[in-house]
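The values are calculated or read from the model by the stated rules, or taken from the named source; none is laboratory data. Note that the structure is predicted; figures quoted are calculated from it, not measured. Here the Cβ positions follow ideal geometry from the backbone for every residue, glycine too, while neighbour counts run over all protein chains shown.
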Amino acid sequence: MHSRPAPGEVGLASIFAITGVVWIAGAADLSLWGGFAPDSGFLPLVYGVLLLVLSGAAIATLFWGDSAPGIGPVAKPLLVLAAVMAAVVGLNVAGFSISIFLMLLFLYAVVEKLPPIRSLAAALGTTAALFLIFKTWLGVPLPTGPFGI
Amino acid sequence: MEPFVDLMQGFASALTPKHLLMCFSGVLLGQIVGVLPGIGPSAAIALLLPLAYGADPTAAIIMFAGIYYGAQYGGTLTSVLISVPGESTTVMTAIDGYQMALQGRGGVALGIAAIGSFVAGTLGTLGLMLLAPPLAHAALAFGPPEYFALVVLGLTALAAVGSSVLKGLLTGVAGLLLGTVGVDPQNGHSRFDYGQIWLLDGIEFIVLTVALFGVGEVLASCTLGRLRPVVDIKSALPSLADLRASRLPILRGSIIGFLIGVLPAAGATIASFISYIVEKRVAKDPSRFGRGAIEGVAGPEASNNAASAGAMVPMFALGVPGSGTTAVMLGALIMFGLRPGPEMFVQNSTLVWAVIASMYIGNFLLLIMNLPLAGLFARLLKVPYYWLYPPILALCVAGVYSQDNSIQDCWLLVGFGALGWMMKRYDWPAAPMILGLVLGPLFEENLRRAMDMSHGSGLIFVSRPISGVLLAAALLALTVPTLFAALRQRRALAGA
């Protein structure tokens with residue numbers, strides 16, 4: 001008797017399978033062979049086919065072989081990922097320092113429910129340290145927001 | 001005699017204040033990431049890549065190597081004190097190390113692990129020094145078919161290391177596929193850029209590495225709660241009787257670890273497993289194992305450190321990584337504009353020998369740090385992960401942005417980070433994907449050149465002896481683990 005495969009893992013294998021299909025389709029617009037050697041489209045086509053076949057085999061083993069459930073809960077990592085996404089959106093709008101500070105504060109105070117003062121201090125300290133390293137020390141032109149930071 | 005002359009020149013470079021500082025920083029960081037949960041040496045190196053971009057390659061590689069072998073020491077602390085291996089390479093140490101800790105001998109276990117690691121690391125570095133140059137010299141005769149076969153071997157060997165050959169192979173092919181994004185270096189045609197100018201340069205190694213090992217690792221680990229209570233350490237100095245009982249296991253572990261580390265398909269984890277089994281086999285009273293036998297700590301600890309040095313042999317000499325971390329280091333070498341492989345010993349001999357010399361220094365520094373400071377490092381175990389992961393994420397975003405001042409790269413970071421989390425969640429290996437991306441261009445270039453050489457005949461890859469042997473080894477690397485897994489499953493079914 002086989003266990004039911006984890007939908008997330010089937011989804012993961014499907015992402016790779018779809019990528020394979022995209023690459024096969026993309027390779028069709030490129031030249032496959034030139035002279036004695038493969039041209040621009042040959043290896044993408046081979047990789048696409050291989051990825052599709054291997055993903056198919058992976059999905060098959062999930063259904064017909066043993067499938068382990070994913071490790072750990074899902075909600076918290078998704079919340080953390082959403083915070084990172086919001087910070088990346090905020091880079092153009094609010095600048096590096098503000099968006100990273102808000103992301104850190106959200107993670108400490110809301111996601112982890114840590115005391116507000118400590119969360120504020122940790123978020124502020126980390127943002128200041130990153131600003132010093134990247135902007136002052138390495139000279140990286142970090143995106144700036146309305147306050148010029 | 002020549003390697004010793006080169007080594008002396010390496011010491012001259014490694015002992016300069018800057019390189020000495022980088023070596024110390026590397027081993028200290030390695031020790032810390034080995035102790036901290038949810039971040040391994042691959043992730044630590046990945047996070048530092050943006051900071052190292054444009055820096056002195058020798059200094060950066062000295063630091064990365066320090067992180068790599070320093071993490072082996074750090075992983076031991078968590079294995080012994082809380083029975084949670086910080087690294088897969090220290091799983092075997094946890095069995096007897098934790099039992100020793102429960103008996104009030106945690107300090108002795110850490111002390112013998114530090115001494116064993118120092119001896120093995122030093123012997124392993126000696127082996128690296130003696131074996132890598134002749135191997136690289138022999139490989140200088142390689143042509144495009146041999147390089148092509150070498151890349152195939154590297155990819156299949158790394159794919160075979162994980163829990164599933166199929167998943168390893170799949171992620172390796174996905175990496176190769178991502179490597180085709182951007183301008184084809186051969187003829188200038190753009191591929192898979194979908195009209196986006198920022199994709200013309202392709203997907204950067206740093207972006208994928210930081211996403212998979214940094215963001216992916218954090219998302220997978222952010223659910224970690226408080227750690228188990230830490231056993232206190234009294235003294236990390238082993239007695240004479242402990243040293244006497246450990247000397248042969250350390251020697252055996254060093255030899256086993258180095259030999260296994262050199263094989264591209266193996267690594268420190270397998271080495272520590274084999275060393276533990278060997279010690280149990282040769283022991284007069286095997287029943288002591290699992291109840292706090294010091295040999296069960298000394299052997300595996302020596303072997304995992306010797307394997308780290310062994311894994312550097314194929315990386316430096318052939319450009320084929322022996323582990324996930326060396327795959328990231330290989331990418332770093334390419335990022336610095338260097339070409340790992342046989343030519344490195346000729347074209348970048350100063351760097352290679354400085355790194356080898358720094359490994360002697362680093363192992364000595366780790367011994368000094370670990371005997372008196374084991375208790376101090378053990379306190380790091382009490383830092384909860386929820387204080388650590390937000391700054392790691394912020395560093396990922398800042399690091400990836402700074403590499404090309406590109407917001408689009410940050411989006412790739414989010415996307416690949418989510419993919420990395422799913423891969424980690426379902427135990428899909430990430431290292432083959434990185435290696436595929438790194439070695440993809442080399443693979444394509446040598447395939448084309450070999451086919452041009454043979455006027456379009458694929459037989460060139462099997463008719464040339466070295467290329468044929470390398471491809472046969474790649475086939476073995478794929479089939480042997482599959483056969484063993486099938487046999488194990490059959491036995492399990494028969495036993496049920």
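Odds and ends about this structure:
- Scope region B:436-479; condition more than 22 Å from A:LEU50 (Cβ to Cβ), in contact with a helix residue (DSSP H, G or I) (Cβ under 6 Å, 6 or more places away or on another chain) and within 14 Å of chain A (Cβ to nearest Cβ); matching residues: B:SER454
- The listed residue being in contact with a helix residue (DSSP H, G or I) (Cβ under 8 Å, 6 or more places away or on another chain) and buried (at least 22 other Cβ atoms within 10 Å of the Cβ), out of B:ALA52, B:ALA43: B:ALA43
To keep it simple, each residue is scored yes or no on (1) more than 22 Å from B:ALA430 (Cβ to Cβ); (2) assigned to a helix (DSSP H, G or I); (3) in contact (Cβ under 8 Å) with a residue 60 or more places away in the chain.
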position: B:ASP6; (1), (2), (3): yes, yes, yes
position: B:GLN9; (1), (2), (3): yes, yes, yes
position: B:SER13; (1), (2), (3): yes, yes, yes
position: B:LYS18; (1), (2), (3): yes, yes, no
position: B:CYS23; (1), (2), (3): yes, yes, yes
position: B:GLY34; (1), (2), (3): no, yes, no
position: B:ALA44; (1), (2), (3): no, yes, no
position: B:LEU47; (1), (2), (3): no, yes, yes
position: B:LEU51; (1), (2), (3): no, yes, yes
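- Number of positions in region B:305-336 that are in contact (Cβ under 8 Å) with a residue 40 or more places away in the chain and over 17 Å from B:THR89 (Cα atoms): 16
- Counting only residues that are under 22 Å from B:GLN403 (Cβ atoms) and over 25 Å from the mean Cα position of the chain (by Cα), region A:115-127 holds 0 of them.
- Residue within region B:423-430 that is surrounded by fewer than 22 Cβ atoms within 10 Å (Cβ to Cβ), under 26 Å from A:SER99 (Cα atoms) and either at pLDDT 85 or above or facing chain A (nearest Cβ under 7 Å) (or both) present: no
- Residue that is surrounded by the fewest Cβ atoms within 10 Å (Cβ to Cβ) [pool: residues in region A:106-121 that are within 13 Å of B:LEU393 (Cβ to Cβ) and of a type outside the set (D, E, K, R)]: A:VAL111
- Candidates B:LEU110, B:LEU200, B:LEU128, B:LEU177: the one that is closer than 29 Å to B:LEU47 by Cα, crowded, with 23+ Cβ neighbours inside 10 Å, away from every other protein chain (no Cβ under 12 Å) and more than 19 Å from the chain's Cα centre (by Cα) is B:LEU110.
- Each residue in region B:402-416 was checked for being facing chain A (nearest Cβ under 7 Å) and either surrounded by 18 or more Cβ atoms within 10 Å (Cβ to Cβ) or of a type in the set (Lys, Arg) (or both), and 3 of them qualify.
- Listed conditions (1) of a type in the set (A, V, I, L, M); (2) surrounded by fewer than 24 Cβ atoms within 10 Å (Cβ to Cβ); (3) in a helix (DSSP H, G or I) are all met by B:VAL352, apart from (2).
- Enumeration of residues in region B:302-345 that are over 11 Å from the mean Cα position of the chain (by Cα), modelled with pLDDT of 80 or more, among the β-branched types (Val, Ile, Thr) and closer than 17 Å to B:VAL151 by Cβ: B:ILE334
- Condition met for B:ASN370 (polar (S, T, N, Q), assigned to a helix (DSSP H, G or I) and within 12 Å of chain A (Cβ to nearest Cβ)): no
- The condition of being part of a helix (DSSP H, G or I), among the charged types (D, E, K, R) and surrounded by fewer than 24 Cβ atoms within 10 Å (Cβ to Cβ) holds for only one of B:ARG379, B:ARG339, that being B:ARG379.
- Of all the numbered requirements in (1) assigned to a loop (DSSP other than H, G, I, E, B); (2) of a type outside the set (A, V, I, L, M); (3) within 20 Å of B:LEU388 (Cβ to Cβ); (4) within 7 Å of chain B (Cβ to nearest Cβ), A:PRO141 misses one, and that requirement is (3).
- Of the listed requirements (1) within 14 Å of another protein chain (Cβ to nearest Cβ); (2) hydrophobic (A, V, I, L, M, F, W, C); (3) surrounded by fewer than 24 Cβ atoms within 10 Å (Cβ to Cβ), B:LEU393 misses just one: (3).
- Inspection of region B:362-384 identifies no residue that is aromatic (Phe, Trp, Tyr), more than 15 Å from B:LEU28 (Cα to Cα) and out of contact with any Phe, Trp or Tyr (no Cβ under 8 Å at 6 or more places or on another chain).
- Yes/no for A:THR127 being part of a helix (DSSP H, G or I), of a type in the set (Val, Ile, Thr) and surrounded by 20 or more Cβ atoms within 10 Å (Cβ to Cβ): yes
- Residues of region A:75-100 satisfying the condition of being surrounded by fewer than 21 Cβ atoms within 10 Å (Cβ to Cβ), at the interface with another protein chain (Cβ under 9 Å from one of its Cβ atoms) and not hydrophobic (A, V, I, L, M, F, W, C): A:LYS76, A:ASN92
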